[in-house]
Each structure stands twice: as C-alpha cells, then as structure tokens.
Amino acid sequence: MATSSKIVSARTQALIQKWGKRIRATESVLGPMSMERKSALAMSLENTHRRLRAMEATQPAAIGQYKRYALDIVNATVPNLIAYDICSVQPIDNRVGMINYISYEYGSNKAPAQAGQMFASSLNMGQSVESYSSQNVENEILSVTTGAATITGNVQWTPVLPGSLYISVVTASGALLGQDDGNGKIVDANTGTTTNFTAGTINYATGEVSITLKENATGDTSVSYAYNNEDVFVAGNMAPNADGNTSTILQANTKIPEVQLKITSLPVVAQSRKMKAVYAFDAAYELEKEYGQDIDTLMATEVAGEIAHEIDMEIANDIFKMANAGKPITWSKTQPVGVNVLDHYDSFYTKLVEGANTIFGATRKVQPNFIVCGLEVASVIQVMRNFTPSGAMAIGPHFLGTLGAFKVYVSPDYAANQFVLGYKGSSFMDAGYFYCPYMPVVSTDLLMTDDFAGKRSAA
C-alpha cells in the first residue's frame, strides 16, 4: 500500500508540474489553491489533453477549433466546483478507477470493543467505545461449562485493580452479582457476604477468578466481568521481611489496546453527461459583426458551465439524501410575539448547534463544518448577526459565507426550506462523499446543417 501511495503521489506531482503554467494562471484569478484542487485540475487537463491528441490523429482538420478553448474550459470549470469544500475529490485517469478512504479498527479484544470492529470511517459511521483507551474493561464475557458448581476463568487485562471487579453470573435458577473486597475475595455485591455462593477469589496479578455456587448450575449460564486494569502493588514472591511482613512489588500494566488505520479502496466508474447547443447561422454572424464574439466558443463555454453547475447540484442533492445522523432539525421562521426578528433569526443558530452535536454523538468523531441550504434558509442566514458574507459573485451552487463555525453554501436546486449539515476534513480521504472527475468536458465538432443551424454537443 505504501509503495502504491508513493507512486500515485509522484505521478500527481509530475502532472502538477507539467500543467504548472495553467495552474498558476488559475491561481492568479482564484487565489492559492489546495493540493486537492491542483491535483484534480492537473489530472483533468491531462485527460482532456489525451483526448485532444486522439482527435488530432483521427480528425486533424477539426482539432484546431476545439483545441482553442478545450483546456481553457477545464481551467474555468474544475477549480470552481463547490465539491472541493463539501466532499473528497479524487480524480481518476481512466473511466474505471479506484478511490481510497480511511477507516479505523480496534486491534484488540477489550470489552466491549472487539478486534476488527470499525469505529471510524470516511464512508460509514462506526461507533467508538469511550472506555477503550482507558483502564476500564466492561462486559467481558467468560465461556463456562454448564452444570458445574465451580466457575473459573481469567480476565484478559491484568493486573486488576483491587476493589474494581464486578462479576455477573446468570443461571437458570437465578442471578448474582459479585464484587471483590480489595483483598482477593469475591463477595455478594449487595450483602458483602457469600450469601449466594460458598466461595469466590481473584488473583489480581494473573486475573484468575473462581466462584463456587451453592449448587450446580443448570441450563444456560452466562458470566461477565467489569473491572479496572491499572498498575498495582501485588504481593511479591520474596521471603517475608525480618518484621514478618510480605514484600510488595509494583506490577506494571503492560497491555495497551491498539487501533489499526486502514486505507480501503473501492472501484468507481465515471458516468457521462451530454448536452447539445444549437444556434442559427445568421445569429452567429450578427454576434460576430456587432460584438466581436465567436458564438461557437461562447456556446461551448456556456454548455460546459451548465454541466459543471449540474455536477455541483447532483453532489449537493446526494449529500442531502444520504444525511442520516439523526432526526431532522426543525425551526419556524415565524417570529414569536414580542421577539425581535433578528433575535429570532439568531435562535436558528442554536438549532444548528444541536444538529452538530447530534452528528458528533452519532459519529463520536466529527463536528460538522459546512451547511448546504436552499434559498429561504439562505435568506435567514444572510441576516443573522454572526454571518460573514463571501462577497463573491456566483452562478449556481456557491459559497455564500461563514456562519459561526460553519461554511455556508447555497444550492438553488434544494427546496427553499431545506438544509443539511456535513463534514469535510483536512485530508482528501476524510469525507463522507467522494467525487471522482475523469474528463470534465469534451466536445463534438461543429456541425452546420442544411437549414444553417450550427450544432455542437458537449459531454
């Protein structure tokens, strides 16, 4: 995996260097771009360039016109997508490619966590075990032989802190809860005696546990432990001191639970979009004569822009449909009697914070850092006191500004009163949605029909 990652990184760096002039030209307009945007732009330029070379070999007469603006369209569309801010963008260099995402798994059996159990992933909301890195062990299960009067076993995480062990024994005839007394004896947790069993012991150093029931267990028997695993002083193996006291030694907790980071791959297949632009010959002539505008180039640019617009809308819609951290957030725009409209609008932020904490509770890992919303929600956000507008002109889905801890994006394709909270991390693999551009825009040759209508398609 490491070798593959290095190869991909080296190739990406080479493409960024190859297309450095165009990348720098884009940055002169948009400002400094992230490595994610540079990588996507470089790969898209390379894929489009390969398309141009293939066309040049088969259609040399027609390539000149398309070549004028093809790469410029890529420069204009790819870096401007909001996709970079709300999802992971991993460009692919073939129609069928692979995406990589990060997942974390527990590497040890430390109850209630199990080795191999996923607790965090870019694409799935695993559940973290809050006690895994602590000294607490909860609901550790012991396999027992049915019908035995004496139950023996070993807790897995030693040494055991004296006074921390609870043992639950459930048989067909009843249940009991035992607790160690801090001196190696297990007693009834409720009475402090061995009322419900005749004997019980624990060796804090080795973790060996033994309980003798008053009668043989019948039917199904289950035993579970809860205890604390810490550095403890235990009786030493040395002879008694001169004063007759047994030496004690510190037994260190040498077992440390581990986690495993995995880079997981999934196959993806690029899907095509198609659109056709049609215009009249006389209209093209008038536009050229009056304004010096080439209608063919203009229409191609507009078609490409519309495709980019639709990509952003599809991503935004998918994110809304996939949101599943909890129940929907509801808030009424109607202001209560006696409440100032700005104060009421500011109360919407409280609802957003509640939603953010719901996501944090569901993932136990991330707080959302962006909002995608419809126009009515945007109109509320724009007048809230802690909103800072971006000040940028935009068409289609775009960055609106910042509301407290959230970046706000507006999508005209959302229902006016809809919005979604989401998370995009600093790593290109740390996101819940992945967009994999292949070749953003390609175009057919200009076709002039017998009714003097010009036609060009883009995909």
Criterion: surrounded by 12 or more Cβ atoms within 10 Å (Cβ to Cβ) and modelled with pLDDT of 65 or more - qualifying residue of Ala283, Ala270, Ala300, Ala277: Ala270
Could you grab the pairs with beta carbons closer than 7 Å, sequence gap of 6+ or different chains, first residue in region 32-53 and β-branched (Val, Ile, Thr), second one in a helix (DSSP H, G or I)? Thr48/Ala70; Thr48/Leu71; Thr48/Val74
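To keep it simple, each residue is scored yes or no on (1) surrounded by 18 or more Cβ atoms within 10 Å (Cβ to Cβ); (2) in the same structural domain as Lys110 (by TED's automatic domain parsing); (3) among the β-branched types (Val, Ile, Thr); (4) modelled with pLDDT of 85 or more.
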residue: Leu176; (1), (2), (3), (4): yes, no, no, no
residue: Ile202; (1), (2), (3), (4): yes, no, yes, yes
residue: Gly207; (1), (2), (3), (4): yes, no, no, yes
residue: Asn216; (1), (2), (3), (4): no, no, no, no
residue: Ser222; (1), (2), (3), (4): no, no, no, no
residue: Gly236; (1), (2), (3), (4): no, no, no, no
residue: Asn241; (1), (2), (3), (4): no, no, no, no
Hey, can you tell me all the residues within region 78-91 that are under 20 Å from the mean Cα position of the chain (by Cα) and either at pLDDT below 80 or of a type outside the set (D, E, K, R) (or both)? Leu81, Ile82, Ala83, Tyr84, Ile86, Cys87, Ser88, Val89, Gln90, Pro91
Taking region 80-96 and the residues there that are among the aliphatic types (A, V, I, L, M) and under 15 Å from Glu314 (Cβ atoms), the one that is surrounded by the most Cβ atoms within 10 Å (Cβ to Cβ) would be Ile86
Name the residue that is nearest to the chain's Cα centre (by Cα), counting only residues in region 332-358 that are of a type in the set (Gly, Ala, Ser) and closer than 22 Å to Val420 by Cβ. Ala356
Turns out the strands (runs of 3 or more DSSP E) fully within region 343-404 with at least 3 residues that are not polar (S, T, N, Q) are 370-373, 398-403
Candidates Phe387, Phe370 - the one that is of a type outside the set (Val, Ile, Thr) and over 25 Å from Glu306 (Cα atoms): Phe387
Are any residues in region 390-415 among the aromatic types (Phe, Trp, Tyr) and either under 22 Å from His309 (Cα atoms) or exposed (fewer than 13 other Cβ atoms within 10 Å of the Cβ) (or both), and if so, which ones? Phe399, Tyr409, Tyr414
Give me the pairs: first residue in region 392-411 and assigned by TED's automatic domain parsing to the domain that holds Gln367, second residue of a type in the set (Gly, Ala, Ser) and at pLDDT 90 or above, beta-carbon distance under 7 Å, and six or more apart or on different chains, which are they? Leu400/Ala378; Val408/Gly401; Val410/Ala378; Ser411/Gly374
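The values are calculated or read from the model by the stated rules, or taken from the named source; none is laboratory data. Everything quoted here is computed from the prediction, not taken from an experiment. Using ideal geometry, Cβ is built from the backbone for each residue, glycine included, and neighbour counts are taken over all protein chains shown.
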